[in-house]
1. Against the condition surrounded by fewer than 21 Cβ atoms within 10 Å (Cβ to Cβ), touching a residue at least 24 places away in the same chain (Cβ under 8 Å), over 17 Å from Leu490 (Cβ atoms) and not acidic (Asp, Glu), how does Gly532 come out, does it pass?
2. I need a count of the residues in region 411-426 that are assigned to a loop (DSSP other than H, G, I, E, B) and in contact with a strand residue (DSSP E or B) (Cβ under 9 Å, 6 or more places away or on another chain).
3. Please go through region 653-681 and pick out each residue that is touching a residue at least 40 places away in the same chain (Cβ under 8 Å), outside any strand (DSSP E or B) and open to solvent by 30 Å² or more (accessible area, probe 1.4 Å).
4. Quick test of your reading of the structure: Glu127 fulfils all but one of (1) open to solvent by 30 Å² or more (accessible area, probe 1.4 Å); (2) in contact (Cβ under 8 Å) with a residue 12 or more places away in the chain. Name the failing condition by number.
5. Anything in region 149-191 that is assigned to a helix (DSSP H, G or I), touching a helix residue (DSSP H, G or I) at 6+ places or on another chain (Cβ under 8 Å) and among the basic types (Lys, Arg)? List them, or say none.
6. Could you give me the residue pairs with C-beta distances under 8 Å whose first residue belongs to region 100-121 and is part of a helix (DSSP H, G or I), whose second residue is hydrophobic (A, V, I, L, M, F, W, C) wherever it lies, and which are 6+ apart or on separate chains?
7. Do we find a residue being farther than 20 Å from Thr272 by Cβ and hydroxyl-bearing (Ser, Thr, Tyr) anywhere in region 342-351?
8. Within region 3-30, which residues are in contact (Cβ under 8 Å) with a residue 40 or more places away in the chain, hydrophobic (A, V, I, L, M, F, W, C) and in a helix (DSSP H, G or I)?
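The values are calculated or read from the model by the stated rules, or taken from the named source; none is laboratory data. In this text, all values refer to a predicted model and were calculated from it rather than measured experimentally. With ideal geometry, Cβ positions are generated from the backbone for all residues, glycine too; neighbour counts draw on all protein chains shown. For the accessible areas, the whole protein counts, side chains as well, though only heavy atoms, and no ligand, DNA or RNA atoms are used. Shrake-Rupley method; radii C 1.70, N 1.55, O 1.52, S 1.80 Å.
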Amino acid sequence: MSRNLVIVESPAKAKTIKKYLGPEFEVLASYGHVRDLIEKEGAVDPAQDFAMKYQLIEKNRPRVDAIERALRKADTLYLATDPDREGEAISWHLAEILRERGALDGRDLRRVRFYEITRDAVRGAVEHYDALNDNLVNAQQARRALDYLVGFNLSPLLWRKIKPGLSAGRVQSVALRLICEREDEISRFLRQEYWTIEADAARNGARFPARLIEYRGERFEADVQKGRFSITGADAAHEAERTILAAAAGQLTVVAVERKPRRRNPPPPFTTSTLQQEAARKLGFTARRTMQAAQRLYEAGFITYMRTDSLSLSQDAVAGIRDTIRATWGERALSDGINVYRTRAKNAQEAHEAIRPTAAALTPQQAEQDIHEAEQRRLYALIWRRAVACQMAPAVFDTVAVDLQAGRAGQAPADRHLFRATGQTLLEPGFLAAYHEDHDEDETDVESEEEQRLPPLETGETVTLAALRPEQHFTQPPPRYTEASLVKSLESHGIGRPSTYASIIETLRYRKYVEMSGRAFVPTDIGKIVSGFLVRYFETWVDYGFTAVMEDVLDEISNGDKAWRPELARFWEPFSERVRHIAQTVTREEVALSREVGRDPVSGKPISVRMGQYGPFVQQGTRDDPDKPKFASLLPGQRMDEVTLEDALRLLSLPRELGHAEDGTLVSVGRGQYGPYVKYGGKFVSIRDDDPFTLTLPRALELVAAKQQADRERTFRDFPEAGVQVLKGRYGPYVTDRKRNAKVPKDRDPASLTLPECQALLAAAPERKGRFGRRRAPAAAPKPATPAATPRKAKAAAAPRKAKTSTAAKKKTTAPRKGRKSGD
């Protein structure tokens, strides 16, 4: 048995490291975190100096047991988890468990950190081991406690004030606020008309465009960013067109030519944030998909550690990159000296290098043989090209700007109309030979890489005015956030950590706070209400500046500059008091964002749209009326802020009586829990392709007849007096009494079964169970239309909770299984 035991997070990482360390080392995986806070009240106890109670994560118990058994046969334990706060916390928790079990007695505990999984890096880290970093552990505990206290106090408050199943998070709520505020900007935006005027000039048959920059001796403005426009209507635009055409008389005169080179420097290597942004733009990857692929590349030894704020590169890495550039593109493609990039992040996190390939000589084409997953190959190529480009020469463009005056030069200033034509040609591709950077649509200061050639022109010569084009434009609202732009905005505000952005974005989707329109985030009604509630009543804690300051505090804790418990107390005291106050004073009705859309033309009662416990709905009347208010849930895709009186009346028109069938049975149409339906006496028929609001009696009877025929075709025997049927099922014929189902034996004709035979089969069959193992209620006909929600009296306010969560609540609110890194 090996006398040295090494622990890492994943089996893939363990497999790679094992081959570098040899038979003297046993390498096992912890499979991520091994313990977490208990899931009940008191997990974080402010009254006991923020004591934190942990429990072993049950699914990882076999892993921990295996590690303990291996350690008892070893002399030395090497904890080689990732070199950041989360990795340090995993090592610390595992060490605490093993110490409690007595498995560390008489054995050495060593912490090793490496930022790339290569032979030299791993062996070097083992030789230069260290101790656990208490500051990093404290910073991670502080972050975990903060997230726990925020989530377990705000989330139940949202359940009581809005609807069950909602959640709030320290960083998640700020990200949602960004998305909702951008949507508000878009909804408030007023389009403004403006015009530009472009000329098509020609010289010796070569045509080129020029834009108007001066009209009647004054600067012609069409500046969307500053909102300055010289022409804002068609009449003025066509008047300018006539004026210029008259002055030009078919020609333009060159009055100035300016030529100068323009250099564009290469972008720095990737950090976690910029990798997520660029992978979203170029590859269409979500942040989570990017991080999962990067994790696998790191564990397999292809790239350095992928959670980093640093832009620096080691000397060996730079040397390898420059050798690769020299071999691939020649000496001319290298930068004159080593390009050094400085990290802008105030407290760049622990990892000491940017994301780069561990061996620059391994080109994407060569790596295809070893990287089997397509998305990993694409991401490796992106990382490799960006890292290589950062040490290449700038791209050099030859730019030319030509000013052309309408008509002949020398006109009076009040009669002068000036156009400008610009062109550029790429002289030296430099880093562009390896990499082209993409940008978001709201970035306006991006220099173009496109070539635009102009014919050779000299001052004083004339060219032909081939065409003049006034063009109408309208200002556009700011674009919605995409994953790339949201990550960029979060980072620019100093909110959260790039390593947590993927889980934050996934939570927003899972809670249905946002929907996707293409690649853009659109806040849902419930997302807007949650954000509005938090901004209105907890503005301090969802403020961009406050959240960024908390990140700085966590960084200071990780650097040993601050103690973590006093910082938690400074946060908790005002926050808990605010939770208590809001729980006691704010009613559900104040939060529901009720909006009156008009009055019912028949009864005169007010009609409103609001959010209820089961979703958005319209309501006719109020709870103070003698008659019970009427309700109707919104249709899928309908938004609360877009519902009009006409929409509401249409929704409230159901259920609607259509008439009677020939046998006198009443036929009606309505909407229920499972969609629209036709009611025929006591039976229900689902409507799939027809519009329930315009459905006629003849069509409804056709649907009823079709359902009756289908029922006859799937029914072999029917014993109504006993409530037993023999039916055709998806997996063959079966007997049912709505409580039990029993398969019909293969050697029996289902149409020949007798009632006693059916009852015997049912007696031997197990009782039907629900999804969670509970006894299933007897099947019933589809429910008729029920209110989407009815206002309930606000429950008695409760004091801030530390961590109490019922089993039912946990089932409702458990998010998708997260990756190894915890979210905010």
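1. Yes, satisfied.
2. Here the count works out to 3.
3. Matches in region 653-681: Ser653, Pro655, Gln673, Tyr674.
4. (2)
5. Matches in region 149-191: Arg160, Lys161, Arg177.
6. Pairs found: Ala121/Phe114.
7. no
8. The answer is Ala12, Ile17, Leu21.
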